[in-house]
1. Per residue of A:72-78, what is the mean number of Cβ atoms on other protein chains within 10 angstrom of that residue's Cβ?
2. Place a point 7 Å from Cα of residue B:164 in the direction of its Cβ. Which residues in segment B:67-83 have their backbone N less than 17 Å from it?
3. Any idea what the dipole of the protein assembly as shown comes to, in debye rounded to 20, about its Cα centre with Lys/Arg Cβ at +1 and Asp/Glu Cβ at -1?
4. Magnitude of the Cβ-charge dipole of chain A, K/R +1 and D/E -1, about the Cα centre, nearest 20 debye?
5. Return the distance in nm (one decimal) between the two label points of a simple spin-label model at residue A:67 and residue B:123, each offset 7 Å from Cα along Cα→Cβ.
6. Could you sort A:86-99, A:175-188, A:138-151 so that the peptide with the highest average Cβ count within 10 Å comes first and the rest follow in order?
7. Rounded to the nearest 0.05, what FRET efficiency do residue B:214 and residue A:161 have when you use their Cβ-Cβ distance and R0 = 41 Å?
8. Name the shape class, rounded, prolate or oblate, that the alpha-carbon gyration tensor gives for segment A:15-64, where a ≥ b ≥ c are the square roots of its eigenvalues, rounded holds for a/c under 1.5, and otherwise prolate holds if a/b is larger than b/c and oblate otherwise.
Amino acid sequence: MISHLSLENLSVRRGGRLLFESLNLTLDAGEAAALTGRNGAGKTSLLRTIAGLVQSEAGTVGFGPQDPGAARALGLHLIGHLDGLKPGRTTREELTFWSLWTGGGAVSIALAIETLELSTLLDLEVRRLSAGQRRRLALARLIAAPRPLWLLDEPLSPLDAGWRRRFGQVMANHLSTGGLIVAAVHDPLPVPHKTLEIGA
Amino acid sequence: MSRAGALLTREVSLAWGKGGGPLVALGFYAGTATLLPLATGPEPARLAAIATGMAWVALALAALLSLERLFERDYEDGALDLIVLSPVPLEIVCALKCLGQWIATGAPLALAAPLAAIALGAEPRLAPLIFACALVGGLAFAFTGGIGAALSLGARRGGLLTAVIVLPLFVPPVIFGGGALDAFAGGLPWRPGLALLCAYAAAAVALGPLAMAAACRNALS
């Protein structure tokens with residue numbers, strides 16, 4: 001399992017434009033990092049590079065002693081605005097599929113439904129959910145399938161004040177059990193964190 | 001195994017889902033099969049001679065129609081990114097998607113194929129062989145069609161591109177299946193045609209996922 005994340009001299013180019021270069025970050029178990037920067041600075045691209053979906057131009061992403069392929073396949077969650085949820089399927093169908101696909105089971109799915117208060121939404125189609133409810137459904141995967149590294153792309157933006165506070169507790173719990181979080185945010189991250197400004 | 005089962009269930013339910021899926025494919029099939037005799041003329045003798053061939057071509061077109069969104073919708077909404085973050089190899093993912101497509105639309109079309117052929121004037125004794133050819137041919141259509149669907153990921157008017165890529169790959173199963181049906185109707189040996197059709201389907205199932213996975217990786221990077 002992932003207990004360490006290191007970015008060394010990382011440079012990423014998208015569409016011919018150098019987004020950032022020589023980025024460095026080290027995270028150990030129980031630590032969180034907030035990525036800040038203006039729109040288009042490359043926060044999402046950095047998260048996708050860590051997840052292995054975008055090739056870096058230079059530099060490395062390391063997961064401690066683990067092989068990067070195995071670490072990514074089993075050890076991380078990526079949650080962003082492209083949440084992969086299908087409008088025509090119900091909350092229950094989508095939560096169950098994504099939880100099983102990322103390695104969850106019945107017990108952890110039940111815990112996720114309870115934590116994100118999805119029980120009244122289970123039979124609704126995803127198209128009927130509000131933006132905040134839809135984000136809660138996407139975030140439920142984090143609990144339904146426990147994985148150590150959370151890559152979150154503006155996780156709080158559609159949530160109301162109450163849910164921001166409660167998701168802050170969820171993140172704090174994850175860190176206290178040895179998890180790692182990298183989150184792209186515009187608002188302050190509600191847990192102790194390092195800050196990495198991109199495109200400064 | 002539970003992962004593969006979950007993905008297959010999802011694929012079948014997506015293909016069945018709102019917006020018709022198999023019903024649209026069946027409707028398109030019925031429409032094409034009705035249009036062809038209107039174009040060729042309604043004399044029963046002429047129709048009966050080409051009935052199985054027409055049913056078979058209409059089947060290939062109906063299979064093509066339902067392929068367009070196979071990878072596109074998962075690519076657009078980010079699901080493909082998340083599907084990749086799993087220990088299941090992308091080749092298996094692609095194979096399961098095509099298998100789901102075959103179960104949800106290929107099998108209903110195979111059931112409709114003998115009906116369409118008989119309605120056009122084919123002899124009823126041909127029905128079991130038409131069903132068998134359509135079922136095996138549908139598998140070949142799904143797995144070769146998946147290659148086109150994956151290759152056209154991210155392209156504008158991807159559906160049209162899919163058709164252009166895929167139609168040449170549909171030629172061998174159309175020839176083998178049509179040949180077997182013709183031979184059976186004429187009392188000639190029909191097994192070689194069916195065997196070649198099965199061989200083509202087997203090759204598509206074995207090699208198609210490799211090509212689809214490579215195309216998906218290319219589109220994602």
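Readers should treat all values here as calculations from the given coordinates under stated rules, not as data from a laboratory. Just so we're clear, the structure is a prediction, and the values are computed from it rather than from any experiment. Virtual Cβ from ideal backbone geometry, glycine too; neighbours counted across all protein chains shown.
1. Per residue, the number of nearby Cβ atoms from other chains is 3 on average.
2. B:68
3. 340 debye
4. That gives chain A a dipole magnitude of about 460 debye.
5. Result: 5.9 nm between the two label points.
6. Working: A:86-99: 20.6, A:175-188: 18.4, A:138-151: 23.6.
For the peptides A:86-99, A:175-188, A:138-151, the packing ranking is A:138-151, A:86-99, A:175-188.
7. Values: r = 47 Å, r/R0 = 1.14.
So, using R0 = 41 Å, E works out to roughly 0.30.
8. Since a/c reaches 1.5 but b/c is at least a/b, the shape of segment A:15-64 is classed as oblate.
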